[in-house]
Amino acid sequence: MGKNEKLVAIKGMNDILPPDSAMWEWFESKVRDLMGRFAYRNIRTPIVEPTALFVRGLGEVTDIVEKEMYSFEDKLNGEHLTLRPEGTAGVVRSVVENNLLYDGGKRLFYIGQMFRHERPQRGRYRQFHQVGVEALGFAGPELDAEVILLAHQLWKELGIDGVRLELNSLGQPAERKAHRDALIAYFEQHTDVMDEEAKRRMHSNPLRVLDTKNPAMQAMVNAAPQLLDFLGDASKAHLKTVQDILDANGVVWSVNPRLVRGMDYYNLTVFEFITDKLGSQGTICGGGRYDYLIEEIGGKPAPAVGWGMGIERVLELIKELNIQWQRPSIDAYAILPDASLLPQAMRVMQVLRSAGIRVQMHGAATAEGMGSMKSQFKKADASGAHCALIFGGDEMQRGMITVKQLRDGAGAQAEYAIENVANWAELLRA
């Protein structure tokens, strides 16, 4: 590659640019506010983790481990490392490593990048972003319901409707083993309609066969033994309590007996929030209970439940539904007819910014000067500012600046004393 050849981003790893980045900030502020009201605290884990963490935590025969992880050997020390493909395993690793459960359960949330080597398409990228919640150290079904209610509340606060909630229970290991044996026996009788992928998984991970998208297999899969029929009383009671809490809060749900999750670590409650507005990428949030992962990663046995939410898909849905979101605005745009006035004008702007006023300064496009007043006013109006600060030479000699209203229809303007800038700053707030 020549040294002057244009470099571009990796396919499926996208820049997030203004004004779209403002939408991300708006979404993240909604998330952080809601997490605070539910008493969930932020955790930030490394993007790179030991490969063994995901092999052990997600399962060797999952699509993620087999096909999608960005794994490499560190040339400096030979360590096998992976860009995190999901958030839960890293959070659990951190909780175990730092002994966070020593004084009781923890409610945590994260926001960050994940990486999977997939074919990029709408709502599915090689670098993507997730919000996730993890409630660790709590065994009761009320925590399953709580994390579902948290996601449901977020849809309300974002203005998203038409999202359906599907539930299922994966039971406990002994129940799953009985179901697994029945599934394998059933699949062995129907290999004639199974594709090669299903045949390969039939013995290693038969639950994933149920998740097939192959139309030729749907009738066979629909008639397969259902895990719900193998659940004991305790597992049934756990799911029933979750359903009762959701009912009490007016949350509509349905049981999907074929619902499984892509990772091996789930047990008992699993769930997905699904929209029909994004085509094949309809799952915008999914999760469930994972009571055995903490021990699997080397910690003392402890229960946990959580979910992950794809930010790109949620933002796509917001656009699809034409939901109005709060765009960033500025209070004032500074207009300077003469560059020689910059030192004093910028001192005034700093005082205003210190008082909480959002001020945008006009910047010279060339070294020749600040540009005409007409062009500066056009940019001031296009900026969306509430008013313009006009730093005229004559006015500034008198210790004054002119404030011109840009959004009141009449263009009213008045002079204010620079020495009293902190006192009249509030007048500029949009």
Restricting attention to the stretch 68-104, which residues are in contact with a His (Cβ under 7 Å, 6 or more places away or on another chain), open to solvent by 30 Å² or more (accessible area, probe 1.4 Å) and among the charged types (D, E, K, R)? GLU73
Quick one: GLY112 ticks every box in (1) of a type outside the set (Lys, Arg); (2) buried (at least 19 other Cβ atoms within 10 Å of the Cβ); (3) modelled with pLDDT of 95 or more bar one, so which box is it? (2)
Within 30 Å of GLY105 (Cα to Cα), of a type in the set (A, V, I, L, M) and open to solvent by less than 40 Å² (accessible area, probe 1.4 Å) - does that describe any residue in the stretch 181-189? no
With respect to LEU317, is the statement that it is buried (at least 20 other Cβ atoms within 10 Å of the Cβ), touching a strand residue (DSSP E or B) at 6+ places or on another chain (Cβ under 7 Å) and at pLDDT 90 or above true? yes
So ALA145 ticks every box in (1) open to solvent by less than 20 Å² (accessible area, probe 1.4 Å); (2) in a loop (DSSP other than H, G, I, E, B); (3) in contact (Cβ under 8 Å) with a residue 60 or more places away in the chain but one. Which box is left unticked? (2)
Say whether the condition of being touching a residue at least 40 places away in the same chain (Cβ under 8 Å), outside any helix (DSSP H, G or I) and either over 14 Å from ILE297 (Cβ atoms) or of a type in the set (A, V, I, L, M, F, W, C) (or both) is met by at least one residue in the stretch 75-86. no
Restricted to the stretch 263-314 and to residues being out of contact with any helix residue (DSSP H, G or I) (no Cβ under 8 Å at 6 or more places or on another chain) and among the small types (Gly, Ala, Ser), the residue farthest from THR88 (Cα to Cα) is GLY279
Quick one: would you say GLU175 is within 30 Å of PRO225 (Cα to Cα), open to solvent by 40 Å² or more (accessible area, probe 1.4 Å) and part of a helix (DSSP H, G or I)? no
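Across the stretch 178-211, what is the number of residues that are touching a residue at least 40 places away in the same chain (Cβ under 8 Å), outside any helix (DSSP H, G or I), out of contact with any Ser or Thr (no Cβ under 8 Å at 6 or more places or on another chain) and not acidic (Asp, Glu)?
2
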Quick one: in the stretch 32-58, of everything that is touching a helix residue (DSSP H, G or I) at 6+ places or on another chain (Cβ under 7 Å) and assigned to a helix (DSSP H, G or I), which residue is modelled with the highest pLDDT? LEU34
Pull up the stretch 199-211, narrow it to residues that are within 20 Å of SER280 (Cα to Cα) and surrounded by 18 or more Cβ atoms within 10 Å (Cβ to Cβ), then point me to the one that is nearest to the chain's Cα centre (by Cα). ARG208
Take ALA151 and tell me if it is at pLDDT below 90, open to solvent by less than 20 Å² (accessible area, probe 1.4 Å), assigned to a helix (DSSP H, G or I) and within 29 Å of LYS67 (Cβ to Cβ). no
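Being assigned to a helix (DSSP H, G or I) and either of a type in the set (S, T, N, Q) or closer than 25 Å to TYR125 by Cβ (or both) is the filter here; which residues of the stretch 87-102 pass it?
Once the filter is applied, which keeps residues that are assigned to a helix (DSSP H, G or I) and either of a type in the set (S, T, N, Q) or closer than 25 Å to TYR125 by Cβ (or both), the stretch 87-102 yields THR88, ALA89, GLY90, VAL91, VAL92, ARG93, SER94.
Residues LYS11, LYS6: which one is open to solvent by 30 Å² or more (accessible area, probe 1.4 Å) and in contact (Cβ under 8 Å) with a residue 40 or more places away in the chain?
On inspection, the qualifying residue turns out to be LYS11.
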Restricting attention to the stretch 118-125, does a residue exist that is of a type in the set (Phe, Trp, Tyr), touching a residue at least 12 places away in the same chain (Cβ under 8 Å), in contact with a strand residue (DSSP E or B) (Cβ under 7 Å, 6 or more places away or on another chain) and not in a helix (DSSP H, G or I)? no
Single unsatisfied condition, ILE160 versus (1) in a loop (DSSP other than H, G, I, E, B); (2) modelled with pLDDT under 95: (2)
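The values are calculated or read from the model by the stated rules, or taken from the named source; none is laboratory data. For clarity, every value in this text was computed on a predicted model and none was experimentally measured. With ideal geometry, Cβ positions are generated from the backbone for all residues, glycine too; neighbour counts draw on all protein chains shown. Quick note on the areas: whole protein, heavy atoms, side chains included, nothing else; ligands and nucleic acids left out. Shrake-Rupley method; radii C 1.70, N 1.55, O 1.52, S 1.80 Å.
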